[in-house]
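Worksheet: one structure, shown below.
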Amino acid sequence: MTERIRAGILGTGSALPKRVLSNADLEKMVDTSDEWIVTRTGMKERRIAEPGEATSDYAAAAAERALEAAGVAAEDVDMILCATVTPDMMFPATACLVQHRIGAVKAGAYDLSAACSGFLYGLANAVSMIEAGRIRYAVVIAGDLLSRITDYTDRSTCVLFGDGAGAVVLGPVEGDRGFYAFDLGSDGGGADYLCLPAGGSRMPATAETVANKLHYLRMQGQETFKFAVRAMAASTEKVLTQSGFEKEDIDLLVPHQANIRIIDAARKRFGLDEDKVVVTVHKYGNTSASSIPIALDEAVREGRAKPGDLLVMVGFGGGLTWGATAVRL
Ligand code: ACO
């Protein structure tokens, strides 16, 4: 009988722009205040890419760092997945641009669109391929430059978002390491809560759509907030039930970084101390799908996430979509 393959995380990486956009900067751009932003979101600053840069620049840098940490050569990678809603172009896939840039000569490559939940969807895809024995090494990247689709005259959204990318290298692992459970969900009935109306096949780009600012992200904040709190709790519960772990077994929760109040609601729901939850929202804002792998990479590099730790990663986003996973490092 062949032994069951279990996939796990071999290395992590991330890449962030150098330029900082602070609450004080935003106070000069729209009618807002540091006090409002900090109280309502927990955000103090976020990183913004330079003009001319694109998602693949950060995605490739994050992938290279993850490969280095994993000790896996780019030539040995079988599959590259990039979760993004801000690809360099509508097509080809940003993952293909990364494939070429990092020299992953034998890898397949594709993008995945599940908004802020995209990293979790990407993990589930790659883990299934590895555990089915079809591939050995995958690089799962989440990269977004949300600044490119943000209206910096709209105070209700422009204070929230930042740019960046995070990546992991996945491959077969031994012992009790690896992924134990996934929960993925969607509700297209909430498609209007978070969307980019124009530039797709329903409303192709025209001078009129641009004039009407329909190429910027739209969000119904309060509805999204209520959905987010529900989804984070329910999805975490599901992966704990599926994997047979208790909330006391969680060494570190790595949540999507959309709002400190949403993160705190999840933390309290599971009775976790603050040191068991990774928070980056104050310094990077909401970086969409990349917020989880960026937070994970920081936790690994700071020694907060150690080999043997049980991590729960959980997120939600446009679609609507949500997801969670339980993984032992
Ligand atoms: N500065 C000052 N005032 C503001 C700002 C701002 N930046 N933005 C909104 N306000 C005002 C509003 O106009 C409103 O004023 P009014 O009462 O006179 O009408 C007041 O502040 C309250 O606005 P609310 O929308 O009720 O504020 P709320 O407490 O809901 O916070 C927020 C808004 C931060 C957006 C919150 O709803 C939230 O975090 N929602 C979830 C967002 C989220 O998770 N997005 C995920 C995106 S995932 C992805 O796929 C990209």
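Summary table below
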quantity: Residue match in segment 152-161 (condition: crowded, with 23+ Cβ neighbours inside 10 Å, closer than 26 Å to Ala60 by Cα and in contact with a strand residue (DSSP E or B) (Cβ under 7 Å, 6 or more places away or on another chain)); calculated: yes
quantity: Search result, residues across segment 78-92 that are closer than 21 Å to Ile294 by Cα and not in a strand (DSSP E or B); calculated: Thr84, Val85, Thr86, Pro87, Asp88
quantity: Positions within segment 148-175 being at positive phi and within 16 Å of the ligand (Cβ to nearest atom), in sequence order; calculated: Gly164
quantity: Residues of segment 28-59 satisfying the condition of being in a helix (DSSP H, G or I) and either surrounded by fewer than 14 Cβ atoms within 10 Å (Cβ to Cβ) or more than 9 Å from the ligand (Cβ to nearest atom) (or both); calculated: Lys28, Met29, Asp34, Glu35, Val38, Thr39, Thr55, Ser56, Asp57, Tyr58, Ala59
quantity: Unique residue being touching a strand residue (DSSP E or B) at 6+ places or on another chain (Cβ under 8 Å) and either among the basic types (Lys, Arg) or modelled with pLDDT of 95 or more (or both) when the list is Gly42, Gly52, Gly13; calculated: Gly13
quantity: Top-ranked residue in segment 167-201 [being part of a loop (DSSP other than H, G, I, E, B) and farther than 16 Å from Leu217 by Cβ; ranked as nearest to the chain's Cα centre (by Cα)]; calculated: Asp187
quantity: Criterion: crowded, with 18+ Cβ neighbours inside 10 Å, among the charged types (D, E, K, R) and in a helix (DSSP H, G or I) - qualifying residue of Asp297, Asp264; calculated: Asp297
quantity: The one condition in (1) surrounded by 18 or more Cβ atoms within 10 Å (Cβ to Cβ); (2) within 12 Å of the ligand (Cβ to nearest atom); (3) within 23 Å of Ile294 (Cα to Cα) that Ser113 fails to fulfil; calculated: (1)
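The values are calculated or read from the model by the stated rules, or taken from the named source; none is laboratory data. All figures in this text were calculated on a predicted structure; none of them were measured in a lab. All Cβ positions, even for glycine, are placed from backbone atoms using ideal geometry, and neighbour counts span all protein chains on display.
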